[in-house]
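Working notes, beginning with the structure itself.
The values are calculated or read from the model by the stated rules, or taken from the named source; none is laboratory data. Because the structure is a prediction, the values reported are computed rather than measured. Cβ placement follows ideal geometry from the backbone for every residue including glycine, while neighbour counts extend to all protein chains displayed.
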Amino acid sequence: MTQYKSDTEALDAFVVKYNELRAEIGKVIVGQDEVVKNVLIAIFSKGHGLLVGVPGLAKTLMVNTISKTLGLSYSRIQFTPDLMPSDIIGTEILDENRHFKFIKGPVFANIILADEINRTPPKTQSALLEAMQEKAVTVAGTSHKLEEPFFVLATQNPIEQEGTYPLPEAQLDRFMFNIWLDYPSFEEEIRVVKTTTANYVADLKVIIQADEIIYFQDLIRRIPVPDNVYQYAVRLASRTRPNTPSAHPWANDYLTWGAGPRASQYLILGAKCHAAVNGKYSPDIEDVQAVSTAILRHRIVRNYKAEAEGIKEEHIVKEFLK
């Protein structure tokens, strides 16, 4: 790996690598620039992402493409009602010498796509969420460390709710970003159809290796933050908490619960990485605002009044930012 003389030189190199990544991913993924940006910010911030979108919007292809350009191992787990925790983390078997041997499950990869995580019962969901938090799994009293970097991108289908097990709010809090994947524009969909109905195969190059990713993750943590940005992030999170001294009027009117301290932490981490990818050496309030919707939308719980009036989480967050 290249040795850098200073953190500012390393940040300049990070911007170059990030732009190369975006260009390489763009060979396969048409549009969805904001989604790709948030996924990459989550990876370089050591966070995890929850991707919400209807079927057919290339969620699996996106994660597979990103893993190839990052030079990382990739596993896809299709969550179903009969999936067991051992199907994710692995299990012990008795080998030919009558010794117990641990067979690793698909969670032992750098990038995990947890497809339709709300289709499996809470017991299986929690097995993955433990791995996300601890970066390790415990089987038969033995802890097995997961290889770094480790990133989980879980998907949810917002249409079908019958026969699903929605993630509890406490478990949703483990995800740094809730990323909404929308339909492509008319022109983008034409490009998608042209490339996917011909025999075009993109030749993807590895832009960055695992050791570089770990280095840049640590670099993001070292970025200095002004006190006023810390104060803004904490104030923004506290405004979401109803019936507290700093609560925003909309929080009192439309929310049952607000965001906890983890939201403040992720607002700062996300702002650091957002500043870095835009060539800045320190984040400002605009960087906090840029990542706030994806960080806060799954950490606030609307009440009946908000649901009855059709007020979405995004509208409430925008009101907090005013």
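If I ask for residues that are of a type in the set (A, V, I, L, M, F, W, C) and closer than 22 Å to PHE175 by Cα, which ones from the stretch 230-250 would you list? Once the filter is applied, which keeps residues that are of a type in the set (A, V, I, L, M, F, W, C) and closer than 22 Å to PHE175 by Cα, the stretch 230-250 yields ALA233, VAL234, LEU236, ALA237. Across the stretch 75-118, which residue is nearest to THR155 (Cα to Cα) among those that are among the basic types (Lys, Arg) and in a strand (DSSP E or B)? The selected residue is ARG76.
Is there a residue in the stretch 140-155 that is surrounded by fewer than 12 Cβ atoms within 10 Å (Cβ to Cβ), within 30 Å of ILE93 (Cβ to Cβ), in contact with a Phe, Trp or Tyr (Cβ under 8 Å, 6 or more places away or on another chain) and not assigned by TED's automatic domain parsing to the domain that holds ASN303? Yes - at least one qualifying residue is present in the stretch 140-155. Take LEU72 and tell me if it is closer than 26 Å to VAL15 by Cα and in contact with a Lys or Arg (Cβ under 7 Å, 6 or more places away or on another chain). Taking the combined requirement at face value, the residue does not satisfy it.
Residue-level check: of (1) over 22 Å from THR69 (Cβ atoms); (2) more than 25 Å from the chain's Cα centre (by Cα), TYR183 misses just (2).
Report whether or not VAL234 is out of contact with any Leu (no Cβ under 7 Å at 6 or more places or on another chain) and over 30 Å from SER282 (Cα atoms). For VAL234, the condition - out of contact with any Leu (no Cβ under 7 Å at 6 or more places or on another chain) and over 30 Å from SER282 (Cα atoms) - is not met. Looking only at the stretch 290-302, decide whether some residue is within 24 Å of the chain's Cα centre (by Cα), surrounded by fewer than 16 Cβ atoms within 10 Å (Cβ to Cβ) and closer than 21 Å to VAL39 by Cβ. No; the residues of the stretch 290-302 include none that is within 24 Å of the chain's Cα centre (by Cα), surrounded by fewer than 16 Cβ atoms within 10 Å (Cβ to Cβ) and closer than 21 Å to VAL39 by Cβ.
Being among the basic types (Lys, Arg) and under 11 Å from the mean Cα position of the chain (by Cα) is a condition met by no residue of the stretch 19-36. Of the residues that make up the stretch 19-32, is at least one among the acidic types (Asp, Glu) and more than 27 Å from ALA276 (Cβ to Cβ)? Scanning the stretch 19-32 turns up no residue that is among the acidic types (Asp, Glu) and more than 27 Å from ALA276 (Cβ to Cβ).
Restricting GLN217, GLN209 to residues that are modelled with pLDDT under 90 and on the phi < 0 side of the Ramachandran plot narrows the list to GLN209. For the stretch 119-141, filtering for residues that are part of a helix (DSSP H, G or I) and without any contact (Cβ under 8 Å) to a residue 40 or more places away in the chain leaves 3.
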